[in-house]
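I have placed the structure first, in the form of structure tokens, so that the comments after it can refer back to it.
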């Protein structure tokens, strides 16, 4: 790589990081009780009033952290799916993996209730099972012997399955108590509901475990995004790597949406924008995609909170307002 | 004994047998061209040799060992494959793409060391694309793009390079350029080159060894003079060809040809 590109890439990474920081500060500062950046720093340093501390540490910070973590998870999940299917339109939401995870969340809440208890730590696991089963069904339905996976067919199967599962969620949810029904309606619209520290703790280990694993596979992802036969020729165990990476992508998306609600399009947009900024080499593009995912979701959640006080518009709705046209633009371009 | 050969290879898609009991020998340090009509199984054989397709029975041997039993990375250090018209992701630069050829030598993250960088530089130079290395692959014309893929295969530092129809979709000039490049690599670097190719005259001109296939079996193999003959082409392609000698290259050349009419075939069978 030449010096000019290296410099440009370094700049893009720094700018993205600064944007994330700005989005973070704005998100903390806005809401029912606003907080100036100066007060924010003071409060973070432990010199705030009890009321400020309550707002920051109990209400806002955990919600913001959950949003950032979910954004990162969804973006990387989308990036992996796009590379292993060689389809720039792949996204855990569009493919129905999020909906599958959502169905598992329904079962979870039917069993344990929607309050946050100690059970919450196994929620991501539940979501993972739901997401995995969905992914396997998509895989089986879009796989043709001798041809492999056709990206177009995979997308269609995913969209269909996603709609079917969403219907199943609503049907199931309508059979249970009114407040639980509201919970699911909100979940499906993509309202960040996990706004407590336990949700941060439930999500964080997954990312800490999976993100380094994905990053170590940058090279494999690079070759897999070229051409399947070429990857085999280069000595990649394509079948095995595809299963592992698919599992990781599902785990990332499922754990994210288990606490964030069914959010689509972040996994589509973040990798796509990142690629157009720093190119498709995964060593560079994965970190940028991760930060962009966090920024996107954080901005969407903040806008949603401000626009319709106090209940707010779900972040998933805001993301979709930007994401759906973006998706159509990509479709048209293809 | 050749480094690369197949033994009783049987390849099938489902129940449909494409290739049966194929014993193919690839001479070392030579250019081998596999020719034959569409659907004769030539690409299938190449893919099986490259371990992209699994054989139903029989084996491919490389350096005396069955490739199905060796680690895929160690094979990738000996043999590269260039599939038919591959696509590069949008925005990838030529330098980056060629660097992916170092995969078989890398562990973990894949940071390039000095050796890797030298090999990449050399591969870019050998294919004459050093000046474009920061350009995006999509921005190139078909002929230049094929050079980039060959450079990537070179970066893999293998003695054997397999190519599936490397000249398809290229114009006359670029077809020749690619074949000249392969010849150069063969002569200067002593690389063994195996290619599936449609153009008979190109095959006869550039390959030292030709393998003519029909319906999954080898009809004839040998040098250009042995394979480019009226009876062989008649049997393989069902054509009545006029073979001459290229005044410039002194290699056999198919001057013109006609379809063998079913009438003529019938008459032949009677007599």
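The values are calculated or read from the model by the stated rules, or taken from the named source; none is laboratory data. All values derive from a computational prediction rather than experimental measurement. Cβ coordinates were reconstructed from backbone atoms using ideal geometry, including for glycine residues, and neighbour counts include every protein chain displayed.
Would you pick out the residues in region A:199-227 that are surrounded by fewer than 18 Cβ atoms within 10 Å (Cβ to Cβ), touching a residue at least 40 places away in the same chain (Cβ under 8 Å) and more than 11 Å from every other protein chain (Cβ to nearest Cβ)? A:201, A:204 - these are the residues of region A:199-227 that are surrounded by fewer than 18 Cβ atoms within 10 Å (Cβ to Cβ), touching a residue at least 40 places away in the same chain (Cβ under 8 Å) and more than 11 Å from every other protein chain (Cβ to nearest Cβ). Taking region B:146-165 as the range and being surrounded by 24 or more Cβ atoms within 10 Å (Cβ to Cβ) and in a loop (DSSP other than H, G, I, E, B) as the test, only B:156 passes. Scanning region B:64-84 for residues that are touching a strand residue (DSSP E or B) at 6+ places or on another chain (Cβ under 9 Å), farther than 18 Å from residue B:45 by Cβ and in contact (Cβ under 8 Å) with a residue 24 or more places away in the chain turns up just one, B:78.
Here residue B:157 passes the criteria (1) at negative phi; (2) at pLDDT 90 or above except the one numbered (1).
Check every one of the helices (runs of 4 or more DSSP H) wholly within region B:54-137 and list those with 1 or more residues that are surrounded by 15 or more Cβ atoms within 10 Å (Cβ to Cβ) and more than 11 Å from chain A (Cβ to nearest Cβ). Show your work before the answer.
Working: elements: B:72-76, B:94-99, B:114-126.
In region B:54-137, the matching helices (runs of 4 or more DSSP H) lie at B:94-99, B:114-126.
Taking the options A:10, A:78, name whichever one is out of contact with any helix residue (DSSP H, G or I) (no Cβ under 8 Å at 6 or more places or on another chain) and within 23 Å of residue B:89 (Cα to Cα). Of A:10, A:78, the one residue that is out of contact with any helix residue (DSSP H, G or I) (no Cβ under 8 Å at 6 or more places or on another chain) and within 23 Å of residue B:89 (Cα to Cα) is A:10.
Residues that are in contact with a strand residue (DSSP E or B) (Cβ under 7 Å, 6 or more places away or on another chain): which helices (runs of 4 or more DSSP H) entirely in region A:11-91 hold 3 or more of them? Step through it out loud before you land on a result.
Numbers: elements: A:37-44, A:50-53, A:61-85.
Passing ranges: none, list empty.
For region A:228-239, the tally of residues that are buried (at least 21 other Cβ atoms within 10 Å of the Cβ) and part of a loop (DSSP other than H, G, I, E, B) stands at 3. Criterion applied to A:166, A:225, A:255, A:174 was being in contact with a helix residue (DSSP H, G or I) (Cβ under 7 Å, 6 or more places away or on another chain) and under 30 Å from residue B:79 (Cβ atoms), and the one residue passing it is A:225.
Beta carbons closer than 6 Å, at least 6 apart along the sequence or on distinct chains, pair a first residue in region A:270-284 that is within 8 Å of chain B (Cβ to nearest Cβ) and within 15 Å of residue A:221 (Cβ to Cβ) with a second that is part of a helix (DSSP H, G or I) and at pLDDT 90 or above for A:275/A:285; A:281/B:96; A:283/A:218.
One line per residue, one yes/no per condition, for (1) within 14 Å of chain B (Cβ to nearest Cβ); (2) over 15 Å from the mean Cα position of the chain (by Cα); (3) modelled with pLDDT under 85; (4) surrounded by fewer than 14 Cβ atoms within 10 Å (Cβ to Cβ):
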| residue | (1), (2), (3), (4) |
| --- | --- |
| A:9 | yes, yes, no, no |
| A:34 | no, yes, yes, yes |
| A:55 | no, yes, yes, no |
| A:59 | no, yes, yes, no |
| A:65 | no, no, no, no |
| A:70 | no, no, no, no |
| A:101 | no, no, no, no |
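Does residue B:176 count as crowded, with 18+ Cβ neighbours inside 10 Å and either assigned by the TED database to the domain that holds residue B:7 or in a loop (DSSP other than H, G, I, E, B) (or both)? Answer is no for this residue.
List, please: which pairs have Cβ atoms under 6 Å, are six or more places apart or on different chains, and start with a residue in region A:1-28 that is free of Cβ contacts under 8 Å to residues at least 60 places away in the same chain and end with one that is assigned to a helix (DSSP H, G or I)? Qualifying pairs under 6 Å: A:25/A:37; A:28/A:40; A:28/A:60.
From the list B:182, B:233, B:210, B:200, which one is surrounded by fewer than 23 Cβ atoms within 10 Å (Cβ to Cβ) and touching a strand residue (DSSP E or B) at 6+ places or on another chain (Cβ under 8 Å)?
B:182
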